[in-house]
Amino acid sequence: MPAEAKKVRDLLSPEYKFGWTADIEAESAPRGLSEDTVRLISAKKGEPDWLLEWRLRAYRQWRTMVEPRWSNVTYPPIDYQDIIYYSAPRSAKDGPKSLEEVDPKLLEVYAKLGIPLKEQERLAGVAVDAVLDSVSVATTFKEKLGSLGIVFCSFSEAVREHPELVRRWLGSVVPHTDNFFAALNSAVFSDGSFAYIPKGVRCPMELSTYFRINAADTGQFERTLIVAEEGAYVSYLEGCTAPRRDTNQLHAAVVELVALDDAEIKYSTVQNWYPGDAEGRGGIYNFVTKRGRCLGRRSKISWTQVETGSAITWKYPSCILQGDDSVGAFYSVAVAANRQQADTGTKMIHLGRNTRSTIVSKGISAGRGQNTYRGLVRIQKGAAGARNYSQCDSLLLGDQCGAHTFPTVEVHNPTARLEHEASTSKIGEDQLFYCRSRGLSAEDAVSLIVAGFCKEVFKELPMEFAVEARKLLGVSLEGAVG
Amino acid sequence: MLEIRDLHARVEGRDILRGIDLTVPAGEVHAVMGPNGSGKSTLAHVLAGREGYEIQRGRVLFAGRDLLAMSAEERAREGLFLAFQYPVEIPGLSTALFLKAALNAVRKHRGEPELDAIEFLALAKVRMARLGMDERLLQRPLNEGFSGGEKKRNEIFQMAMLEPRFCLLDETDSGLDIDALKLVADGVNAMRGPGRAMLLITHYERLLEYVVPDAVHVLSQGRIVRSGDRTLARELEEKGYAGAAAPRP
Ligand SMILES: Nc1ncnc2c1ncn2[C@@H]1O[C@H](COP(=O)(O)OP(=O)(O)OP(=O)(O)O)[C@@H](O)[C@H]1O
Ligand SMILES: [Mg+2]
């Protein structure tokens with residue numbers, strides 16, 4: 001690699017900066033999962049003992065657990081001993097050499113989303129020398145955050161540079177024993193993101209994994225931890241509107257958020273993993289545990305998600321409203337088209353007094369997609385004056401798809417006030433003909449209808465993200481009608 | 001403007017249109033009357049390009065072009081407009097957003113610049129006022145929860161915005177109160193002109209007192225069985241279809 005290009009790559013990928021890549025590049029763990037696998041992963045990453053112990057506890061717990069099968073999705077059994085849990089970051093030479101080697105279907109979608117060529121190459125995993133532009137952006141970005149005391153780096157880097165922070169908060173929201181997939185993630189997580197906003201600091205820009213990851217591949221077991229100290233504010237963007245392919249079918253990520261007194265965390269996701277072909281072959285299984293703890297008084301956590309990808313989505317971003325007067329929110333658009341299955345929703349656990357939560361869920365089903373909303377609102381005994389508003393809407397495009405809702409409410413305090421609204425609407429041939437008779441194409445009509453349906457969620461997204469998300473929905477649902 | 005020749009159409013294995021011949025020249029307004037189930041709405045839907053009809057025979061020329069070869073949206077962009085007998089509700093889609101997108105699709109096709117939100121609203125408000133419509137309907141989901149009369153007026157409002165060359169009105173007068181009928185009739189009359197033709201499907205002679213047609217046709221069992229001038233409408237009103245609709249000699 002020419003020296004100049006190497007420098008660029010070093011800047012972009014924190015892993016390279018720490019020089020351990022060279023040692024592991026050639027190696028990957030044998031298939032299967034055992035204590036040895038966990039030890040190997042931890043050793044490769046040069047982790048401290050406490051973290052290895054934590055991983056091992058998670059592993060031992062995981063062995064006693066069974067895979068949950070209560071969700072409304074079906075898929076063939078997963079052979080956990082047939083997965084490679086550790087492999088060196090994919091080197092450039094494994095990827096396609098140029099866009100000409102990339103699936104034209106994927107390129108077509110990129111073009112429709114208006115993604116610049118350089119960006120397309122990155123997304124498709126083409127080996128390219130990074131553009132100088134994005135280097136300078138990434139560098140200025142890091143400097144600016146650093147001057148405010150904000151830490152934003154890969155999880156591995158955080159373990160090395162800020163072990164005390166990681167040790168204090170890791171697993172404090174999603175314990176390593178939480179559920180089958182979370183335990184698996186805790187045992188074998190590869191990397192992820194870490195963000196720490198110090199007391200009283202308002203993060204001046206949207207934090208985005210896009211800037212941090214660039215060429216790096218975080219792998220199938222991603223771990224994210226975000227901590228906002230007293231009075232801090234951060235808006236975090238995860239994902240990317242462009243479709244992403246991955247050779248690993250199973251993805252089990254964990255995201256933990258912690259907000260102290262008067263802190264606010266806004267977490268926005270656009271998830272567009274490869275959904276599989278029209279028959280559902282080859283799509284990603286996305287089993288994610290996301291949870292935020294409103295630890296402090298008057299703290300706020302909101303989850304906003306636009307889920308269009310994956311063959312299977314199993315995901316319930318939740319809030320534990322512990323501090324008095326804390327506020328939780330969940331805004332979601334989930335699409336299930338073709339053979340996609342989405343089982344998603346949220347849990348709002350009210351512990352503190354006068355805690356408030358809002359749930360707005362918009363499920364779109366098309367083709368033969370199956371969309372399930374599963375929600376829990378629990379008002380604990382001590383949560384006097386708690387309030388929840390839930391709205392759960394389903395949109396059906398065509399008549400071969402399905403929408404299901406399972407809202408659960410548990411109230412242990414009589415002063416709680418809860419409101420629930422739900423609706424199902426169907427876009428059939430009549431609606432489309434009406435639109436077409438006014439000069440709109442079926443695709444334009446669907447994107448208009450969908451945008452209208454989703455607007456309460458889109459308005460929670462940062463501006464540019466909302467514009468992209470809207471375009472993305474249009475593309476995802478193209479061909480779902482007519 | 002519109003020339004229908006020997007048009008046959010089936011739906012669900014039933015012959016509904018069984019040889020329609022009808023010509024509406026530019027600048028003229030024709031009325032079609034006929035008993036329930038005679039095929040009036042079917043004719044309107046076939047002309048507007050709804051799928052699910054099997055066209056067995058016949059052709060339709062629209063401004064010299066083969067209408068049946070065009071998709072529904074092409075027909076609309078080329079200037080054909082159908083005011084629905086039963087306007088469709090679209091939950092969650094605001095009337096303003098919908099109509100702005102439709103208008104801009106049509107304008108783009110005509111090579112005219114697209115309207116921005118402000119220009120669109122200014123135009124929409126003028127047109128709505130003329131039809132005695134409440135501006136707030138613009139912000140509501142399309143037709144959802146609109147009263148019967150509001151839906152019908154909304155159709156004419158859309159027509160006034162899109163400025164089509166050929167207007168097809170399927171029982172727009174049904175369900176309107178007397179004042180609304182006058183407003184709608186004024187709206188329709190305002191659009192009459194040498195470059196535009198209209199086909200009004202109606203059951204009532206009353207509409208034709210306000211919008212005086214150049215010709216009246218009677219549709220029965222999928223065929224035009226009689227044509228005449230506006231006096232035919234009165235005759236039908238008095239004698240009913242059974243008494244008046246003897247086939248043409
Ligand atoms: N999709 C369909 N499937 C089966 N039959 C149909 C379908 N559409 C229309 N028909 C039938 O075709 C015939 C003509 O219907 P159409 O709606 O055109 O009548 P119309 O003249 O508009 O009646 P009205 O005055 O009541 O509005 C009716 O008998 C109707 O039941
Ligand atoms: Mg009819």
Q. To the nearest 20 debye, what charge dipole does the stretch A:330-457 have about its Cα centre, counting +1 at the Cβ of each Lys and Arg and -1 at the Cβ of each Asp and Glu?
A. 580 debye
Q) What pairs from A:Lys455/B:Lys151; A:Lys347/A:Lys455; A:Lys290/A:Lys471; A:Lys44/A:Lys290; A:Lys142/A:Lys362; A:Lys347/A:Lys426 go past 31 Å between their alpha carbons? A) A:Lys142/A:Lys362
Q: Return the distance in nm (one decimal) between the two label points of a simple spin-label model at A:Glu143 and B:Arg5, each offset 7 Å from Cα along Cα→Cβ.
A: 7.7 nm
(Q) Counting only other chains, and only Cβ atoms inside 10 Å, what mean value do you get across the residues of A:297-308? (A) 0
Q) For peptide B:84-91, how many partner chain Cβ atoms fall within 10 Å of a residue's Cβ, on average? A) 5
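Tally Lys and Arg at +1 and Asp and Glu at -1 over the other residues with C-beta under 14 Å from the C-beta of A:Ser34: what net charge comes out?
Here the charged neighbours net out to +2.
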Q: Please work out how much length the chain gains when fully extended from B:Arg206 to B:Ala26, using 0.36 nm per residue of separation minus the C-alpha to C-alpha distance, in nm with one decimal.
A: 62.4 nm
Q: Please state the charge dipole magnitude for the stretch B:147-249, taken about the Cα centre, from unit charges on C-beta atoms (+1 on K and R, -1 on D and E), reported in debye and rounded to the nearest 20.
A: 380 debye
Q | Spin-label pair A:Glu161/B:Glu119, simplified geometry with 7 Å Cα→Cβ offset, distance in nm | A | 5.1 nm
**Q.** Farthest positive-ward along chain B dipole, Cα basis, beta-carbon charges - from B:His30, B:Val211, B:Ala117
**A.** B:His30
Q: May I ask you to order A:34-43, B:159-168 by the average number of other C-beta atoms within 10 Å around their residues, highest value first?
A: B:159-168, A:34-43
Q. What net charge do the residues around A:Thr313 carry, taking every other residue with its C-beta under 11 Å from that of A:Thr313, with Lys and Arg at +1 and Asp and Glu at -1?
A. -1
Q) Relative to the Cα centre, what is the charge dipole magnitude of chain B, using +1 at the beta carbon of each Lys and Arg, -1 at the beta carbon of each Asp and Glu, and rounding to the nearest 20 debye? A) 360 debye
Q) Cross-link partners among aspartates and glutamates for B:Lys125, C-alpha distance below 18 Å, same-chain residues fewer than 8 apart left out? A) B:Glu114, B:Asp116, B:Asp134, B:Glu135, B:Glu150, B:Glu155, B:Glu163, B:Asp186
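Quick one: work out Rg over Rh on the C-alpha atoms of chain B, Rh as Kirkwood radius.
0.96
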Q. Which of the trypsin sites (Lys or Arg not before Pro) across the stretch A:269-326 are loop residues per DSSP, with 15 or fewer other Cβ within 10 Å?
A. A:Arg281
Q) In peptide B:60-73, what is the residue-averaged number of other protein chain Cβ atoms found within 10 Å of each Cβ? A) 2
Q: Treat each spin label as a single point 7 Å out from the Cα along the C-beta direction, and report the A:Leu51 to A:Arg63 distance in nm.
A: 2.3 nm
**Q.** Residue exposure sequence - B:Thr95, A:Thr64 - by fewest surrounding Cβ within 10 Å
**A.** A:Thr64, B:Thr95
Q. Using the count of nearby Cβ atoms within 10 Å as a rough guide to exposure, how do A:Thr224, B:Thr172 rank from fewest to most?
A. A:Thr224, B:Thr172
**Q.** Ranked B:Met198, B:Met128, criterion: other C-beta atoms within 10 Å, fewest first
**A.** B:Met128, B:Met198
Q. Running Debye on the stretch A:389-431 with equal point scatterers at the Cα sites and no solvent, what base-10 log of I(q)/I(0) appears at q = 0.29, 0.33 Å⁻¹?
A. -1.07, -1.20
(Q) Largest first and in whole Å, what are the equivalent-ellipsoid semi-axes of the stretch B:60-132 based on the Cα gyration tensor, each being the root of 5 times an eigenvalue? (A) 24, 17, 12
Q. Tell me, what is a quarter of the convex hull surface for the C-alpha atoms of the stretch A:247-396, in nm² with one decimal?
A. 7.9 nm²
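Computed from the coordinates by the stated procedures, all read-outs in this text should not be read as laboratory data. Bear in mind the structure is a predicted one, so any value in this text is a computation, not a measurement. Note that we place each Cβ from the backbone using ideal geometry, even for glycine, and neighbour counts take in every protein chain shown.
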